[in-house]
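Notes follow the structure.
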Amino acid sequence: MTKNILIIGGGITGLSAAYYLKKEIESKKLPYNIKLVEGSSRLGGKIQTVKKEGFTIERGPDSFLSRKPATLNLIKSLGMENQLISNSTGQSYVLVNEKLHKIPVGSFMGIPIHMKPFLLSGLFSPAGKIRAGLDKVKKKSAPKKDQSLGLFFRNRFGDELVENLIEPLLGGIYSGDLDKMSLMATFPDFYALEQEYGSLIKGLQATKPKPLSKKERKNRPGVFYALTNGFESLVDELSKQFDEDEITLNCEVDHIEKKHKHYNVLLHDGTVYQADSIIVATPHNALPKIFSQYSFFDHFKEMPQTSVANVALAFDKKAIRKDLDGTGYVVSRNSNFRITACTWTHKKWAHAAPNDKILLRSYVGRPDDQEVVDLTDEEITNVVLKDLNKTMKITEKPLFTIVTRFKNKMPQYTVGHRERMRETKAEINASLPGVYIAGSSYEGVAVPDCIVQGEKAVESALEFLA
């Protein structure tokens, strides 16, 4: 008897889940049908590439970590290895008190592993350096189920290291407030190191490789990969793997009801799709609506989301007189800037701009400056240009700019997130067998994390149907 598997959401989570599911069905000749529905007019979610005047501009994610294999495995499975490109390595900076400082060599996520570069850095006062060094002699903290990243790091290193380096690096990944973000849902390995070694510095010194020499650093391939035709080419290639009737766009799900051994899925156009298993790859705030009769989804109504925007700015090379010897910088909250980071994209990615051009990408939307995302394109661009001119000399207007907003699209893993997810999944397994949730709201926001969640949901769905 043929069974129907429905995937809700056509971002990278839902698309990769559908791809791996179809591969399994075809290789094992399983009697299953796939249907993917997406509420918007396009696939890919936050992944979107713009090609313009020789530039390759990413509006959302531009790359992925090479040490997380899920994206690389997917690209290889699709036969796209020839499009892979590694980022150019170069000096990165952090802007503190209106001045750019080199991020110390031998640090990991802002945590000093090798002390000499840290002690020589102008990023911290003598008192700040002494306080951070106390991590090596402080006792490990009492065991806790969870705590905020800010509390954990401030306890180990004091405020200065956290605010000048750790927070700009880590807070930017999640577009969140370090003092509200869950340690166990974001960086549980740090807690494990502290508990085992009694010190984060000692733990990282014991587990991380020795620093490379200056020559080795220069010749080392970057730790990120991108695609020469843009990240959206991955979405395009995935979409080619499906028959026309397997993917439906502009198709929202209004409600899902459990009926005996299957589910009735009410679509926005009034039709009802009958599914035997469902993979829900949507943002968390969709779940209380489509499963309105189940109260265990209600906590998702309270799960916060932040807003961010980024501005891509294209220039002629001659338009910027004061160059930056590096690939970009992040901004400490101890600076009078509204941007949170700036990437010199043309220096980081060889394919991003013509040789005689410059491409910058700047970000706005600090947790305490959310209103900036609601400004007009012109106003956001002026905010960015004003801040950029504090660190470089821009003598001409951009050739063009592209402003991208993600309004209430950045899920926040607040303290207790992992425990809430564990309880929710247990409730789903008990009350909604055959339903699985995956995506950036749940167990990791990066593209590889989303792909892994999609793969796991496929494994669970196939095991359930078997």
- Message: What's the total number of residues in the stretch 19-56 that are more than 30 Å from TRP349 (Cα to Cα), within 23 Å of the chain's Cα centre (by Cα) and part of a helix (DSSP H, G or I)?
- Response: 0
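Based on what the data block shows, is LEU249 of a type in the set (A, V, I, L, M) and either modelled with pLDDT under 95 or open to solvent by less than 50 Å² (accessible area, probe 1.4 Å) (or both)?
Values: of a type in the set (A, V, I, L, M): yes; either modelled with pLDDT under 95 or open to solvent by less than 50 Å² (accessible area, probe 1.4 Å) (or both): no.
In short, no.
Any chance you could count how many residues in the stretch 123-153 are open to solvent by 60 Å² or more (accessible area, probe 1.4 Å) and assigned to a loop (DSSP other than H, G, I, E, B)?
Residues of the stretch 123-153 that are open to solvent by 60 Å² or more (accessible area, probe 1.4 Å), as a first pass: 126-127, 130-131, 134, 136-140, 142-145, 151.
So of that shortlist, the ones also assigned to a loop (DSSP other than H, G, I, E, B) come out as 137-140, 142-145.
Residues that pass the stated criteria total 8.
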- Heads up, the strands (runs of 3 or more DSSP E) in the stretch 70-113 (entirely inside) with at least 1 residues that are among the charged types (D, E, K, R) are 99-102
- Query: Only one of LYS407, LYS425 is under 19 Å from GLY14 (Cβ atoms) and open to solvent by 20 Å² or more (accessible area, probe 1.4 Å); which?
  - Reply: LYS425
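Can you find a residue in the stretch 342-357 that is open to solvent by 20 Å² or more (accessible area, probe 1.4 Å), part of a strand (DSSP E or B) and within 23 Å of LYS52 (Cβ to Cβ)? First the steps, then the outcome.
Filtering the stretch 342-357 down to residues open to solvent by 20 Å² or more (accessible area, probe 1.4 Å) leaves 343, 346-348, 350-351, 354-357.
Subset that is part of a strand (DSSP E or B): 343, 357.
If we keep only those that are within 23 Å of LYS52 (Cβ to Cβ) too, we end up with 343, 357.
Yes, that holds for at least one residue.
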- Task: Enumerate the pairs (first residue in the stretch 136-157 and closer than 15 Å to ASP177 by Cβ and modelled with pLDDT of 95 or more; second residue anywhere and open to solvent by less than 30 Å² (accessible area, probe 1.4 Å) and of a type in the set (Val, Ile, Thr)) with beta-carbon separation below 6 Å, excluding pairs fewer than 6 apart on the same chain, so at least 6 apart or on different chains.
- Result: PHE153/VAL162; PHE153/ILE166; ARG154/VAL162
- Tell me, yes or no, whether the stretch 178-195 has at least one residue that is over 30 Å from GLY10 (Cβ atoms), in contact with a Phe, Trp or Tyr (Cβ under 6 Å, 6 or more places away or on another chain) and either open to solvent by 40 Å² or more (accessible area, probe 1.4 Å) or modelled with pLDDT of 95 or more (or both). yes
- Message: Please go through the stretch 57-68 and give me each residue that is open to solvent by less than 30 Å² (accessible area, probe 1.4 Å) and assigned to a loop (DSSP other than H, G, I, E, B), ordered by number.
- Response: GLY60, SER63
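The values are calculated or read from the model by the stated rules, or taken from the named source; none is laboratory data. Bear in mind that the values here come from a model prediction, so they are computed numbers and not experimental data. Cβ sites come from the backbone with ideal geometry, for glycine too, and all protein chains shown count toward neighbours. Only protein heavy atoms, including side chains, enter the accessible area calculation; ligands, DNA and RNA are left aside. Shrake-Rupley method; radii C 1.70, N 1.55, O 1.52, S 1.80 Å.
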